[in-house]
Each structure stands twice: as C-alpha cells, then as structure tokens.
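Some notes on the structure that comes next.
The values are calculated or read from the model by the stated rules, or taken from the named source; none is laboratory data. This one's a predicted model, so the numbers in the text were calculated from it and none came from an experiment. Don't worry about glycine lacking a Cβ; one is built from the backbone with ideal geometry, like all the others, and counts go over all protein chains shown. Only protein heavy atoms, including side chains, enter the accessible area calculation; ligands, DNA and RNA are left aside. Shrake-Rupley method; radii C 1.70, N 1.55, O 1.52, S 1.80 Å.
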Amino acid sequence: MKALVTGATGMVGRRVVERLQKDGWQIAAWVRSEKKARAVLGGGVELVPVEEGARGLRGGCIGCDAVINLAGEPLFAQRWTDRRRSRLLESRVFLTREVVNALEGMERRPQVFVSASAVGYYGDRGEEELIETSGVGDDFLAHLCSEWEKAAIDAESLDIRVVPLRFGIVLSPTGGFLAKLLPQFKAGVGGTFGSGRQYMSWIHIDDLVEIIAMSLVDTRYRGPINAVAPAPVTNKEFAKTFGAVLSRPSIVAVPSMALKIAVGEGSEALLASQRVLPSRLVSLGFRYQYPEMSKALSNVISALE
Ligand SMILES: NC(=O)c1ccc[n+]([C@@H]2O[C@H](COP(=O)([O-])OP(=O)(O)OC[C@H]3O[C@@H](n4cnc5c(N)ncnc54)[C@H](OP(=O)(O)O)[C@@H]3O)[C@@H](O)[C@H]2O)c1
C-alpha cells in the first residue's frame, strides 16, 4: 500500500507518516524543502519536491492507493492582513485543486482522498450543537474551510472516495495550541480568552491519527466528518482543567480587545464558539482513546513537560 501525503512535515503529518509506516504503508511526501523533509521524516520516505510541479506530483501519486492532504500555512503565525489571508487560502484551496488536477490526469487513481479541514467551517455559533449537516458559518475561516472542502470533494467526480475531516484543535505534545499556552499556565498566568463562555472543540493527536488511518481503509468513511472528541468544553472549563492538571491557578482572563491587539483578526477564531459533535464518528462506532479533556490534557502535558 502506498500513500502520498502533503503537509507531511507538519505536526499532524509527521505522526500520520510514522503510523502508516508502522502499518506497512510506503509513503511519498510532497514537500517544499527536501532538506527539511529528510531531516524530519528520515530516509524511508520518497520525497516529491513542489518545484517539480504537476508532472512531479503525478509521478509521486503513481501506484498510490491514498492521498492525504494536510498542507496549509499556519493560521496564527502572523496577523491576518489581506496578503496573509490570500496565502492562507492559496496554501489550502489552490494546493488542494493542484492535487485533484494531478489525479485527474492519471490512468490508475488512488481510491481515497483524505483532506484536512477545520471546525472553523461552522463559524461562531454560541451554544448550538453542530453536526456534519449543520450549515457553514459566515466569517473568513468558515469561507476558507468551505472552499477547501469543495476543492477536495471535486475528486469524487474522478471516482475517488473523499473524506474531508473537520479537525478540532489538535492536542499534541509536539507543538500546536497547548505548547503555546503551557508557559503562561505554568507561570500561573494562564486563563480564559474573552468571556470564556465560547465552546472549544478539540481532539487528541492519537485519536486524530487513528481517524485518518480508519478513513483510508474503511469505505464507510466518506463525506465530511467532524474529527473532534465527543466532549467539547467551554474555554473557561478548558482553562480550569489545564490549571488543575498543572496544579496552578487559572484565574487570569485575557480580554477580547487585548487578544485582538496581540493577534489581529485571527483573534476572531480564538473567540468563536464551536460546540461540535462527532455525529458521524459515533455512528461509525469510532473508539476514542481520549474522549475527555482531563485525560487528554494530562497525557499531553506530561509529555510536554
Ligand atoms: N493543529 C491544529 O490544531 C489544526 C486544527 C484544525 C485544522 N488544522 C489543519 O490541519 C492541517 C495540518 O495541521 P498541522 O498542525 O500539522 O499544521 P502544521 O504543523 O502547521 O504543518 C503544515 C504543513 O503544511 C506545509 N505547508 C505550509 N504552507 C505550505 C505551502 N504554502 N505549500 C505547501 N505546503 C505548505 C508545511 O510544510 P513546511 O514544513 O515546508 O513548512 C507543513 O508540512 C493544516 O492545514 C491545519 O490548518 C490543524
């Protein structure tokens, strides 16, 4: 079995590659820097440099049973200027189209295309319980996710099973959201964002990797799937649990305005409320290793410290 992975050097990609290699998959990775990718992924991965364009991409897909699309410019690394928004879109929507276009030109195509999306698809929805059939939101991130998913779903017309996975915030010991917050919480100055009443939907990296692995082999996985734990929490509950796991207070509140000054309009996403439920995963009988926040946080924080 062989899979082509985009975004293989990222936080999620690395873990997916590692897991699939253990399961006996051969991996080709579509990469921007061969040097970085070799250092991160080791010698056992075939590297397909992006400079080789569509022809190279098609070459990398030859013999593949699956494509896993995880690439995208980091959402919160810089302020969301117009230029930055274009980069965020291009690195997801255009890149996904490029992959689907490459697949179109192939004689023997992969059977499945698993493509990342995010719970940002739903926008800011307060306490509403959101399942896969709930409508799309109306902010920038919702628009981005919707276009990203549409670009992926185009591969259905090529007889490829498409699984857009709407990731919640990924809890991982190798970076991302928690690693950024840990120093503040450890120093006892961590706390809520804005009112703290907004819901956060999250997933432990081990469960996410398992969802991706299942999507490759179980043909019942098709169409958008919320890749989230079954128990979304309010930001206040999250801060309280984080503080409790670290045995530190978590009484500080970062006002919305301060957050906006610090991260620009990206703060909208940190303050947006998404109470997302894994309706499809539950009906597929997916078994979580980390269904609850406290267990997931304890595991990740013990590995981070
Ligand atoms: N982590 C989360 O909490 C979370 C939540 C929801 C959705 N997601 C989405 O899930 C995907 C994977 O997440 P992650 O945490 O693994 O992200 P990550 O650690 O930031 O990795 C992103 C990957 O995309 C590649 N990339 C970035 N910009 C690119 C471009 N312009 N062209 C080609 N490749 C590019 C990076 O390659 P280089 O190594 O060359 O930089 C890297 O391999 C991302 O699209 C992310 O938006 C993540």
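Tabulated data for the structure shown
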quantity: Filtered trypsin sites (Lys or Arg not before Pro), the stretch 1-88: DSSP coil and at most 16 other beta carbons within 10 Å; calculated: ARG32, ARG79
quantity: Modelled label reach - LYS295, point 7 Å along Cα→Cβ, the stretch 147-185 residues with backbone N closer than 19 Å; calculated: 168-173
quantity: Trypsin sites (Lys or Arg not before Pro) restricted to the stretch 219-260 and DSSP loop, no more than 15 other C-beta within 10 Å; calculated: ARG220, ARG222
quantity: MET1, MET293, MET214, reordered so the largest accessible area comes first (probe 1.4 Å); calculated: MET1, MET214, MET293
quantity: Selected from PRO230, VAL17, GLY126, residue furthest toward positive end of dipole (the chain; charges at beta carbon); calculated: VAL17
quantity: Tensor-based shape of the chain (alpha-carbon gyration tensor, a/c under 1.5 rounded, otherwise prolate or oblate); calculated: prolate
quantity: Sequence-distant residues sharing a close amide H with VAL162 (under 5 Å, placed H); calculated: PHE113, GLY223
quantity: ³J(HN,Hα), Karplus 6.51/-1.76/1.60, whole Hz, each residue of the stretch 107-119, x for Gly, Pro; calculated: 6, 10, 9, x, 7, 9, 10, 9, 10, 5, 9, 8, 5
quantity: Placed amide H near GLY7: partners under 5 Å, 5+ positions off or other chain; calculated: TRP30, LEU70, ALA71
quantity: Highest-MSF residue in the chain out of GLY43, GLY59, GLY191 [GNM, Cα springs under 10 Å]; calculated: GLY43
quantity: Residues whose placed amide H lies under 5 Å from that of THR234, excluding near-sequence neighbours; calculated: MET200
quantity: Order of exposure, largest accessible area first, which applies to ASP23, ASP138, ASP207 with probe 1.4 Å; calculated: ASP138, ASP23, ASP207
quantity: Links that overshoot a 31 Å alpha carbon limit, given the list LYS150/LYS240; LYS186/LYS260; LYS35/LYS260; LYS22/LYS295; LYS150/LYS186; calculated: LYS150/LYS240; LYS35/LYS260; LYS150/LYS186
quantity: Burial ranking of peptide ranges 96-103, 5-12 (average Cβ count within 10 Å, highest at the top); calculated: 5-12, 96-103
